[in-house]
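**Student:** I have a structure here, written as structure tokens, and I will follow up with some questions on it.
The values are calculated or read from the model by the stated rules, or taken from the named source; none is laboratory data. None of these values were measured; they are calculated from a predicted model. Don't worry about glycine lacking a Cβ; one is built from the backbone with ideal geometry, like all the others, and counts go over all protein chains shown. The protein model used for the area step is the full one, side chains on, heavy atoms only, and it has no ligands, DNA or RNA in it. Shrake-Rupley method; radii C 1.70, N 1.55, O 1.52, S 1.80 Å.
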Amino acid sequence: MGALGRPRRSCLAVPGSSTKMLGKAQGLAADQVFLDLEDSVAPLAKADARKNIVAALTEGDWAGKTKVVRVNDLTTPWTYRDVIDIVEGAGTHLDAIMLPKVQTVAHVQWLDLLLTQIEKTLGLPVGGIGIEAQIENARGLVNVDDIAGASPRVETIIFGPADFMASINMKSLVVGEQPPGYDVGDAYHYILSRLLMAARAHDLQVIDGPYLQIRDVDGFRRVAGRSAALGYDGKWVLHPGQIDAANELFSPDQGDYDHAELILDAYDYYTSEAGGRLGAVMLGDEMIDEASRKMALVIAGKGRAAGMTRTTSFTPPA
């Protein structure tokens, strides 16, 4: 499966300073894990956290998971050493580096160049380690189109709501919830849509950020449902109790998946020689055409990536 086809419905945050959580995360059903060196790790614990992460990646069993490390942002003194130590120590076990608080193209280009130098030195495939760009302030949002296209390594654009809310002086302390007094719609709709358009314009995945009320699964479902409905590929999870909800919300339901596969099968048949080389036909009471095929490809692709099994099949007319 290609880098951009990796399922990222649930992206589990794991503090690099906790060997207990690094061990537990390996047995959880998250599509992606990101082992964190940034906000969840205290400054005095960062050096040991690097060592913990290298050991966890090289000695642990992460089968079936996309493996990512979030380094510190480029306003800190830790970033270069984060990248060097992690990639030199565990580069063959790593799928991507997450760079937080990306504000300009230069941030992505810096990481791209450093990764290239390390890969060449170690004899790793150049370009094999992807980049996940986290947008967490107004400047990053304004520049997100250029950031999304800054390097072939970029795989995902990620919304970082907590820092973003602080950066624009949003009147709320509850991450992901509507600010008090905002009663005209969704205060995050523009941000989520803006990130989505930038990502899709460059064929990237796009991931929603965390919901901090970790025991409020109903609240998580409500907030995650908004970004899932827009077309997001997944959401961060901070607690094992959020994983199943994320995997469900960012997968098609069974009926939609089956219907998408039927559309693809029917369209393939009717456009073939045997089916009469037709461009627009009826599938039951529904007209399908090339646009229908494109929409069905999206739903079918998400279902296949999630490991879903179809329960219906297309039978050509006698």
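**Student:** Might you check whether a residue that is open to solvent by 40 Å² or more (accessible area, probe 1.4 Å), touching a Ser or Thr at 6+ places or on another chain (Cβ under 7 Å) and not in a loop (DSSP other than H, G, I, E, B) occurs anywhere in region 147-170?
**Tutor:** The answer is no, given that none of the residues of region 147-170 is open to solvent by 40 Å² or more (accessible area, probe 1.4 Å), touching a Ser or Thr at 6+ places or on another chain (Cβ under 7 Å) and not in a loop (DSSP other than H, G, I, E, B).
**Student:** Let me ask another. Can you tell me which residue in region 24-40 is nearest to residue 85 (Cα to Cα), limited to those that are among the hydrophobic types (A, V, I, L, M, F, W, C) and surrounded by fewer than 24 Cβ atoms within 10 Å (Cβ to Cβ)?
**Tutor:** Looking at residues that are among the hydrophobic types (A, V, I, L, M, F, W, C) and surrounded by fewer than 24 Cβ atoms within 10 Å (Cβ to Cβ), I get 25.
**Student:** Now for a separate question. Looking at (1) hydrophobic (A, V, I, L, M, F, W, C); (2) open to solvent by less than 10 Å² (accessible area, probe 1.4 Å); (3) free of Cβ contacts under 8 Å to residues at least 12 places away in the same chain, find the lone condition where residue 142 falls short.
**Tutor:** (2)
**Student:** With the requirement that a residue be of a type in the set (Gly, Ala, Ser) and surrounded by fewer than 23 Cβ atoms within 10 Å (Cβ to Cβ), what does region 232-250 give you?
**Tutor:** 241, 245
**Student:** When only residues in region 101-123 that are buried (at least 17 other Cβ atoms within 10 Å of the Cβ) and charged (D, E, K, R) count, which is nearest to residue 195 (Cα to Cα)?
**Tutor:** If we take residues in region 101-123 being buried (at least 17 other Cβ atoms within 10 Å of the Cβ) and charged (D, E, K, R), then 101 is nearest to residue 195 (Cα to Cα).
**Student:** I'd like the full set of residues that are open to solvent by less than 60 Å² (accessible area, probe 1.4 Å), touching a residue at least 24 places away in the same chain (Cβ under 8 Å) and outside any strand (DSSP E or B), limited to region 283-306.
**Tutor:** The answer is 292, 296, 299, 300, 301, 302, 303, 305, 306.
**Student:** Residues to consider are 185, 225; find the one that is surrounded by fewer than 21 Cβ atoms within 10 Å (Cβ to Cβ), within 25 Å of residue 6 (Cβ to Cβ) and out of contact with any strand residue (DSSP E or B) (no Cβ under 6 Å at 6 or more places or on another chain).
**Tutor:** Among 185, 225, only 225 is surrounded by fewer than 21 Cβ atoms within 10 Å (Cβ to Cβ), within 25 Å of residue 6 (Cβ to Cβ) and out of contact with any strand residue (DSSP E or B) (no Cβ under 6 Å at 6 or more places or on another chain).
**Student:** Applying the selection to region 198-210, what residues are in contact (Cβ under 8 Å) with a residue 40 or more places away in the chain and assigned to a helix (DSSP H, G or I)?
**Tutor:** If the condition is that a residue be in contact (Cβ under 8 Å) with a residue 40 or more places away in the chain and assigned to a helix (DSSP H, G or I), then 198, 199, 201 are the ones that fit.
**Student:** Still on this structure, please answer the following. Scan region 252-282 for residues that are in contact with a Lys or Arg (Cβ under 7 Å, 6 or more places away or on another chain) and assigned to a helix (DSSP H, G or I) and report the count.
**Tutor:** Adding up the residues that qualify gives 6.
**Student:** Further question on the same structure: Can you tell me how many residues within region 70-113 are in contact (Cβ under 8 Å) with a residue 24 or more places away in the chain and either in contact with a Pro (Cβ under 7 Å, 6 or more places away or on another chain) or not in a helix (DSSP H, G or I) (or both)?
**Tutor:** Counting residues in region 70-113 that are in contact (Cβ under 8 Å) with a residue 24 or more places away in the chain and either in contact with a Pro (Cβ under 7 Å, 6 or more places away or on another chain) or not in a helix (DSSP H, G or I) (or both) gives 18.
**Student:** Given (1) in contact with a strand residue (DSSP E or B) (Cβ under 7 Å, 6 or more places away or on another chain); (2) open to solvent by 10 Å² or more (accessible area, probe 1.4 Å); (3) not hydrophobic (A, V, I, L, M, F, W, C), where does residue 89 come up short, assuming only one miss?
**Tutor:** It fails just one condition, (1).
**Student:** Okay, next question. Considering region 41-83 alone, what residues qualify as being open to solvent by less than 50 Å² (accessible area, probe 1.4 Å) and under 17 Å from residue 132 (Cα atoms)?
**Tutor:** Result: 65, 66, 67, 68, 69, 70, 71, 72, 73, 79, 82, 83.
**Student:** Then there is this: Counting only residues that are within 24 Å of residue 175 (Cα to Cα) and surrounded by fewer than 21 Cβ atoms within 10 Å (Cβ to Cβ), which one in region 124-139 is nearest to the chain's Cα centre (by Cα)?
**Tutor:** So the first thing to find is which residues in region 124-139 are within 24 Å of residue 175 (Cα to Cα), and the list is 132-139.
The next check asks that each one be surrounded by fewer than 21 Cβ atoms within 10 Å (Cβ to Cβ); those that pass are 137-139.
Numbers: 137: 18, 138: 20, 139: 21 Å.
Within region 124-139, the match that is nearest to the chain's Cα centre (by Cα) is 137.
**Student:** Checking residue 128 against (1) within 22 Å of residue 36 (Cα to Cα); (2) touching a residue at least 24 places away in the same chain (Cβ under 8 Å), which test does it fail?
**Tutor:** Only one criterion is unmet by residue 128, namely (2).
**Student:** Give the residue, chosen from 205, 213, 178, that is within 22 Å of residue 242 (Cα to Cα), open to solvent by 10 Å² or more (accessible area, probe 1.4 Å) and touching a strand residue (DSSP E or B) at 6+ places or on another chain (Cβ under 8 Å).
**Tutor:** Exactly one residue qualifies, and that residue is 205.
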